[in-house]
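Once you've had a glance at the structure underneath, I'll fire off some questions.
The values are calculated or read from the model by the stated rules, or taken from the named source; none is laboratory data. It should be emphasised that the depicted structure is a prediction, and the values quoted were computed from it without experimental measurement. We place every Cβ from the backbone using ideal geometry, glycine too, and count neighbours over all the protein chains shown. Ligands, DNA and RNA are excluded from the accessible area calculation, which covers all protein heavy atoms including side chains. Shrake-Rupley method; radii C 1.70, N 1.55, O 1.52, S 1.80 Å.
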Amino acid sequence: MPRDYYEVLGLDRSATLQEIKSAYRKLAVRYHPDRNPGDSAAEEKFKEAADAYAVLSDADKRQRYDRFGHQATPGGGGFDPTIFADFSDILGDVFGFGGRTGGRRRRAGADLRYDLRISFEEAAFGVEPKLRIPRLERCETCGGSGAAPGSGPTTCRMCGGRGQVQYSQGFFSVARTCPDCRGAGSVIRDPCGDCRGQGRSERQRSIQVRVPAGVDTGSRLRLPGEGEHGRNGGPPGDLYVVIGVEPHERFSRRDADVLSSVTIGFPQAVLGCTVDVETLHGTSELEVPPATVHGSTFVLRSEGIPRIDGRGRGNHVVEVRLNVPRPRDLSDDELEHLRALAELSGDGGGTIRDERGLFSRVKDLFSGHEPDTDPAAGGGEKAERGSEA
């Protein structure tokens, strides 16, 4: 679970937008990958601060976060690379754009996203697929320098390697990014033929991912260092695998519980029965008690999906549905029995006058015995046999 965003920035919940920007600026200066090459802990703190800033600097996201916490904010629990789009006003004066000397700065690689579709069973039990990921990697020909083999970057003649040029007008002097080297302080006169001077080229990489048991649609997996390679030797980004689960033809899901249904006939609903239920873990027997109505639900304990936090498995919830056949699908003999049942229920219109007597008579009707129409002549004996069934 991510840390509280206000705690990350060292602020209280009444902080203003300017205070949020100022707090983020300090953390960005301290933990930026350019200033901490190879320090994975600093990189994590930099991304954590960026996550916090992305939420708290947006009025709508901050309001949702204040009410509901991390689960209400997009990208909660993971780093969203798009949040850096509006950070130039904060970072512009931090990393040398105002008076720094030139030099080809290391830049961290971009994070990547891969949408992975898996089956219902794979989500329940886990899977280890191989993914084909297109990404920018360090050019093997030039080693990432961008210059052709045997050559290298040369100092920019326009800015003298400072990365900036100054324009004077009267008493004022204005420094601007060098238009020739674009602030790098050096230029590549003989670019690499494979990467065209970029230092990186696109490659297809095969990566095996372990998807744990219990994931669901929307779950995200982070693979550190499997994103795009950085510029000029900068650290690589991360790869985020976003899970989408295909629907199942018989099962549905509610958290770690599996939901399904079984259909039984009217005699089984009245008398009770045992039915076989298909679960993710095989076939289980379900005891349906007498007088079960349509829509009743029963629970098979620990027959569901493993919980992703390791706390056992969910349940399998079975809904019982009653099959009511159409008259045209019944034989003459079956229709005759149903008419007799209607007569036993009262006046032929389906009104039940004696529930216990009807239950006994239904048992006899579907077991082939002649129904006893006299409640005083053995009705109690038939009811007792019915309860044993």
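Report yes if Cys192 is at pLDDT 85 or above, open to solvent by less than 20 Å² (accessible area, probe 1.4 Å) and within 43 Å of the chain's Cα centre (by Cα), otherwise no.
Answer is yes for this residue.
For the range 118-151, name all the residues that are touching a residue at least 12 places away in the same chain (Cβ under 8 Å), more than 30 Å from Leu221 (Cα to Cα) and either touching an Asp or Glu at 6+ places or on another chain (Cβ under 9 Å) or part of a strand (DSSP E or B) (or both).
Thr141, Cys142, Ala147, Ala148, Ser151
Filter the range 170-186 down to the residues that are among the hydrophobic types (A, V, I, L, M, F, W, C) and surrounded by fewer than 19 Cβ atoms within 10 Å (Cβ to Cβ), then identify the one that is modelled with the lowest pLDDT.
By that ranking, first place goes to Phe171.
Turning to a different aspect of this structure: Please identify the pairs in which a residue from the range 259-276 that is assigned to a strand (DSSP E or B) has its Cβ atom under 6 Å from the Cβ atom of a residue that is among the acidic types (Asp, Glu), counting only partners at least 6 apart or on another chain.
Within 6 Å, the pairs are Ser261/Glu319; Thr274/Glu285; Thr274/Glu287.
Can you find, within the range 119-169, the residue that is most open to solvent (accessible area, probe 1.4 Å) among those that are charged (D, E, K, R) and more than 37 Å from the chain's Cα centre (by Cα)?
Among residues in the range 119-169 that are charged (D, E, K, R) and more than 37 Å from the chain's Cα centre (by Cα), the one most open to solvent (accessible area, probe 1.4 Å) is Arg157.
Moving on to the next point. Starting from residues that are open to solvent by less than 20 Å² (accessible area, probe 1.4 Å) and touching a strand residue (DSSP E or B) at 6+ places or on another chain (Cβ under 6 Å), keep the ones in the range 223-241 and report whichever is nearest to Val317 (Cα to Cα).
Val241
Across the range 257-291, what is the number of residues that are surrounded by 13 or more Cβ atoms within 10 Å (Cβ to Cβ) and touching an Asp or Glu at 6+ places or on another chain (Cβ under 9 Å)?
To start, the set of residues in the range 257-291 that are surrounded by 13 or more Cβ atoms within 10 Å (Cβ to Cβ) comprises 257-262, 264-273, 275, 277-281, 284, 286, 288, 290.
Okay, now just the ones that are also touching an Asp or Glu at 6+ places or on another chain (Cβ under 9 Å), so 258-262, 272-273, 275, 277, 279-281, 284, 286.
Residues meeting the conditions: 14.
Related question: Anything in the range 277-291 that is in a loop (DSSP other than H, G, I, E, B) and touching a residue at least 40 places away in the same chain (Cβ under 8 Å)? List them, or say none.
Filtering the range 277-291 for residues in a loop (DSSP other than H, G, I, E, B) gives 280-281, 289-291.
Passing the criteria: Leu280, Pro290, Ala291.
Of all residues in the range 195-216, count the ones that are surrounded by 14 or more Cβ atoms within 10 Å (Cβ to Cβ) and within 26 Å of the chain's Cα centre (by Cα).
8
Okay, next question. For Arg301, are the conditions met, namely being closer than 24 Å to Glu43 by Cα, open to solvent by 30 Å² or more (accessible area, probe 1.4 Å) and either out of contact with any Pro (no Cβ under 9 Å at 6 or more places or on another chain) or without any contact (Cβ under 8 Å) to a residue 12 or more places away in the chain (or both)?
No: the conditions fail for Arg301.
Does the range 28-68 hold any residues that are open to solvent by less than 80 Å² (accessible area, probe 1.4 Å), among the charged types (D, E, K, R) and farther than 13 Å from Asp4 by Cα, and which are they?
Asp34, Asp39, Glu43, Glu44, Lys47, Asp58, Lys61
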